[in-house]
Amino acid sequence: MQAEAIPAQARRSAGVSLSIGTGTRLLLNFSGMRENLSSELIGLYPYEFLIFKMPLIPGIRNKLLPGEGVTVRYMQGGSIFGFSTCILNHVLKPASLVFVEYPEFVEQLDLRQHRRVDCLLPGKVHCRHGEYRCVLADLSPGGGKVVLDVKASDPVKSLGVGDMLILRLGLFAGKGDVSVSCLLKNIAQDASRLQLGVQFRDMGEDECCQIRDYLEQVSTAV
């Protein structure tokens, strides 16, 4: 049984909840322009203004007059964020920078089929190379991120996207482990750690219910 997917949904929140780090890549759309321009967040003064790297294209300074509107979009954590603001000022020295008003509202569009929650659940993952202890770092009704500590020569590091795994987790004390078949969707690794993005496949009703119950319990606690 597949976990039911939820459609991408847009949410609106107050600008005070803006969470964005310096160096974040941005797409800017200035009033009267059809194309989006690439930029980067250089800095911000909370609730007052943000500072962007000025796009270097012919005629851009005509769009940077105080009061001119600009729409800003960026990706973060599997979501697209966007907000509308207006130009405060721009400078050319010591660097070409644009200052804009801090947004009043921020729109968020979740791209993932399922919203994930952070967790630290010990478990075991079984693959063609054997069984390994692991930690589930995040979880959703449709999948999660599995983290393994590995050695440089460990054969499990040869896993590839599309491989099938069996994940065993203990979600609730006093209940048996939940065993779920998983499709390996993405891999990130370094010398000592392997991170596996997995999608749950062919889950039974009992496994689906236990995962949903756990997610509801964690979400309520938060």
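What follows draws every value from the coordinates through simple rules; no lab data is involved. What you see is a predicted model; the values in this text were computed from it and never measured. Cβ atoms come from the backbone with ideal geometry, glycine included; neighbour counts cover every protein chain shown.
Backbone geometry of segment 79-91 corresponds, through the Karplus equation with coefficients 6.51, -1.76 and 1.60 at θ = phi - 60°, to 3J(HN,Hα) couplings of 10, 9, 10, x, 7, 9, 8, 9, 6, 9, 5, 9, 10 Hz, x marking Gly and Pro. With a cut-off of 18 Å on the backbone N, the residues of segment 40-57 near the modelled label site 7 Å out from Met33 along Cα-Cβ are 40-43, 50-57.
Net charge near Gly160, counting Lys/Arg +1 and Asp/Glu -1 over other residues with Cβ under 13 Å of its Cβ? Cβ neighbours under 13 Å give a net charge of +2. Note that segment 62-70 has calculated 3J(HN,Hα) couplings of 5, 9, 10, 6, x, x, 5, x, 8 Hz, one per residue in order, obtained from phi through the Karplus relation 6.51 cos²θ - 1.76 cosθ + 1.60 (θ = phi - 60°); glycine and proline are x.
The amide H of Thr24, built 1.01 Å from its N in the peptide plane, has Leu41 as neighbours under 5 Å, considering only residues 5 or more places off or on other chains.
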